[in-house]
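Structure first, commentary second.
The values are calculated or read from the model by the stated rules, or taken from the named source; none is laboratory data. In this text the structure is predicted, and so the values were computed from the model without any measurement. Neighbour counts are summed over all protein chains in view; Cβ atoms, including those assigned to glycine, are modelled from backbone coordinates with ideal geometry. Heavy atoms of the whole protein, side chains included, go into the accessibility calculation; ligands, DNA and RNA do not. Shrake-Rupley method; radii C 1.70, N 1.55, O 1.52, S 1.80 Å.
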Amino acid sequence: MVASAGDHYARLLRLCETAANPGAGRAIHARAVKAGLLASAYLCNNLLSYYAEPAAASSGFREARRLFDEIPAAQRNVFTWNSLLSMYAKSGRLADARAVFAGMPERDAVSWTVMVVGLNRAGRFGEAVRNFLDMVADGLAPSQFTLTNVLSSCAATEAGRAGRKVHSFVVKLGLSSCVPVANSVLNMYGKCGDAETARAVFERMPMRSVSSWNAMVSLNAHLGRMDLALSVFESMPDRTIISWNAVIAGYNQNGLDAKALWFFTRMLSDSSMEPDDITITSVLSACANLGMVSIGKQVHAYILRSGVPYTCQVTNALISMYAKSGSVENARGVMDQAVVADLNVISFTALLEGYVKLGDMKRAREIFDVMSNRDVVAWTAMIVGYQQNGQNDEAMELFRLMVRSGPEPNSYTLAAVLSVCASLACLEYGKQIHCKAIRSLQEQSSSVSNAILTVYARSGNLPWARRVFDRVRWRKETVTWTSMIVALAQHGLGEDAVGLFEEMLRVGVKPDCITYVGVLSACAHAGFVDQGKRYYQQMQDTHAIVPEMSHYACMVDLLARSGLLSDAQEFIQQMPVEPDAITWGSLLSACRVHKDADLAELAAEKLLSVDPDNSGAYSALSNVYSACGRWNDAAKTWKRRKDKAVKETGFSWTHIHNRVHVFGADDALHPQRDAVYRTAAKMWQDIKKAGSVPDLQSVLHDVDDELKEEMLSRHSEKLAIAFGLISTPEGTTLRIMKNLRVCNDCHTAIKFISKVSDREIILRDATRFHHFRDGLCSCKDYW
């Protein structure tokens, strides 16, 4: 009677499991207790099995554990233990599951399978594989369910070696023809990138499901073999939305966005399939990459009309599509209507980058500040945005904040902030970031090492730039070799630059258009006319590089610097494009050195026709007249400049004690203004005693000579040097940057300052580097 009653209650419990009715199951448990039926091991096992179901387990852990503990040890069998184990494993309570598993007096294949399945579902893939191997070592045969789950773990971790072991058990157990197991094997090889074995498994399958075909389509698409993916797709006897999604996503992820949109339209016209959220996400991604906001809007309208689920993936894809296509306000509108919890860092970052492209850094920062989970990509995007929009101080400050409280910077972050250091010539801060790159093992990244090289080169520290280059030259990357060649050319080391270019060709590194700009510039500085002509021809004949304006300007500079002014003029006349300001400026500068006033007049006229506000044209022409002794013409040129009110604000800066100090002419804003002016005045008197003669002709204003001298003594680069002298120990190299071409008076004065102060002074102006030492300049007075 007790047994039959227990069986009746057990059948009722199974009905409760089917109906997912937790309340009814607990009521049956209570009735069984009152009826004294818990002596039945069969009923107790069914009660435990009932509590192991997800619908009951969420609130029945304590009841199940109490029931298990009340069952006499003699009545507990492996089914009893498995029921309790399954309850914990299915609910993700792995610590409790492990404890039960460890305490089991005996285990069967079900016990091991429960653990493998629980671990796989919880994402503990490596542990799931190890449990499977221990199971086999115990001599227990895995079931189909065990195999599909362990193969899933192997696929998730791309553990091909373990996956092949599992495959061998599949073959031994004769389960190769079992479609679910074969599909799992196929999927495992696909996720591990073993296309050939996956294809062999697929071809040997006696029966294939749609999932089998989908796995092959996805595998080929993942490997970028879209022709094969499409071929498999076309051969499918039946297709699901997953089949279409695999091809559309494959095209999108392999950069074939136009084909992704074409295949989407084919799906709409040739099949009865309705796009799902995955389809829409891939299509919106393709629209974003192509900048096709009109099609993206049509897809958005389709979402609203058809009721495609507004999942977080769709919402984020819409925001990214609008932001990347330049419709930032539409992206902001989608974001404002979305549930914040659905938004991911990718959509926030896309909107941030959209504002950056528009130059709206204030709105970009607002987006950045409201992001709750800012990853390294978001931080980097914001830093790059500041850098690209010329807000270098903000970029540096944000990087400091990132180091203090953000994620670990990656190579892109370091490359971006190093670019800021290069722009500002912040050598000391650049060194600190270099050290950070070494500590984080990111120095070997191409972008980082090239940025470090550029920081040292643009800060005037050529030996360190060369040291960095020598450590990475083995990579034979064009950009690295080009950076070093350009650096040597800019520092006036033309012969070294040409030598490095020849070595570049010998080791098989292919030069690009920028490389040739560097080597042609080097030839110009070194006076290698014939070699420069040969490189110019070689660029076109050997490397099929079509000359650009920068190459033409280099050739004019090469010819003009060497005194071949008529050849330079003829070259300009034969150019297939209109010369720019740099080209005419190169010719004009050469006219000063070679005292060709007539050609200078022509060059200045052409230069001003291209760039009417170019104050340098007036200065250069006046200098030519002065060099030729045509003082009246020089004075007329200055007056013409004054009458036209042509003035370009010059400023200089220096980086000392991790701060950038900026100076303008007659600067009155610097906090140490009085000390700087006293030092500048003393410096002026010292160099005059040493033989320096002020170039009063370069002062435009109609004032007396004494005031002209005072104005010359307060040019921005002289004030920056004065500040450097009072802010650094004796013998320290001073590094000064200027936004314009250094004037004649300052160039002469700095030569004397370097000798009087016994300092090396490195000045980077708008055209090149000047290394002043012992009264001489590396440019040999030609710049």
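Values as computed for the structure displayed
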item	result
Exclusive hit being hydrophobic (A, V, I, L, M, F, W, C) and either open to solvent by less than 40 Å² (accessible area, probe 1.4 Å) or farther than 20 Å from Phe263 by Cβ (or both), set Leu290, Leu304	Leu304
Failed condition for Val472, given (1) at pLDDT below 95; (2) within 16 Å of Cys523 (Cβ to Cβ)	(2)
Residues (over 23 Å from Cys779 (Cβ atoms) and polar (S, T, N, Q)) located in segment 528-579	Gln537, Gln538, Gln540, Thr542, Ser566, Gln569, Gln573, Gln574
Only one of Pro237, Pro275 that is surrounded by 18 or more Cβ atoms within 10 Å (Cβ to Cβ), part of a loop (DSSP other than H, G, I, E, B) and either at pLDDT below 95 or not polar (S, T, N, Q) (or both)	Pro275
Count of segment 539-564 residues which are on the phi < 0 side of the Ramachandran plot and surrounded by fewer than 22 Cβ atoms within 10 Å (Cβ to Cβ)	13
Unmet requirement for Gly354, which otherwise passes all of (1) under 16 Å from the mean Cα position of the chain (by Cα); (2) open to solvent by 10 Å² or more (accessible area, probe 1.4 Å)	(2)
Options Ala395, Ala415, Ala437; residue that is touching a residue at least 12 places away in the same chain (Cβ under 8 Å) and under 25 Å from Ile762 (Cα atoms)	Ala415
Flag if Phe348 is assigned to a helix (DSSP H, G or I) and farther than 15 Å from Ile367 by Cβ	no
Positions within segment 322-334 being out of contact with any Ser or Thr (no Cβ under 7 Å at 6 or more places or on another chain) and part of a helix (DSSP H, G or I), in sequence order	Tyr322, Ala323, Lys324, Val328, Glu329, Asn330, Ala331, Arg332, Gly333
Among the candidates Ile319, Ile295, Ile367, residue that is among the aliphatic types (A, V, I, L, M) and either part of a loop (DSSP other than H, G, I, E, B) or out of contact with any Lys or Arg (no Cβ under 9 Å at 6 or more places or on another chain) (or both)	Ile295
Residue within segment 751-771 that is surrounded by 21 or more Cβ atoms within 10 Å (Cβ to Cβ), of a type in the set (Val, Ile, Thr), closer than 24 Å to Asp666 by Cβ and modelled with pLDDT under 90 present	no
Subset of segment 496-514 (residues that are loosely packed, with under 15 Cβ neighbours inside 10 Å, in contact (Cβ under 8 Å) with a residue 12 or more places away in the chain and either of a type in the set (Lys, Arg) or assigned to a helix (DSSP H, G or I) (or both))	Lys510
Residue match in segment 656-670 (condition: within 20 Å of Cys421 (Cα to Cα), open to solvent by 50 Å² or more (accessible area, probe 1.4 Å), in contact (Cβ under 8 Å) with a residue 24 or more places away in the chain and not hydrophobic (A, V, I, L, M, F, W, C))	yes
Residue check for Ala246: closer than 22 Å to Cys192 by Cβ, in contact with a Ser or Thr (Cβ under 7 Å, 6 or more places away or on another chain) and either open to solvent by 40 Å² or more (accessible area, probe 1.4 Å) or in contact (Cβ under 8 Å) with a residue 24 or more places away in the chain (or both)	yes
Criterion violated by Val328 - all others in (1) open to solvent by less than 50 Å² (accessible area, probe 1.4 Å); (2) closer than 23 Å to Lys297 by Cα; (3) within 19 Å of the chain's Cα centre (by Cα) satisfied	(3)
Failed condition for Met484, given (1) within 32 Å of the chain's Cα centre (by Cα); (2) part of a helix (DSSP H, G or I); (3) surrounded by fewer than 24 Cβ atoms within 10 Å (Cβ to Cβ)	(3)
Failed criterion for Leu588 (all others in (1) over 19 Å from Ser626 (Cα atoms); (2) under 43 Å from the mean Cα position of the chain (by Cα) hold)	(1)
Residue count, segment 565-608 (criterion: in contact (Cβ under 8 Å) with a residue 40 or more places away in the chain and at positive phi)	0
Odd one out for Met104, checked against (1) surrounded by 15 or more Cβ atoms within 10 Å (Cβ to Cβ); (2) within 47 Å of the chain's Cα centre (by Cα); (3) modelled with pLDDT of 85 or more	(2)
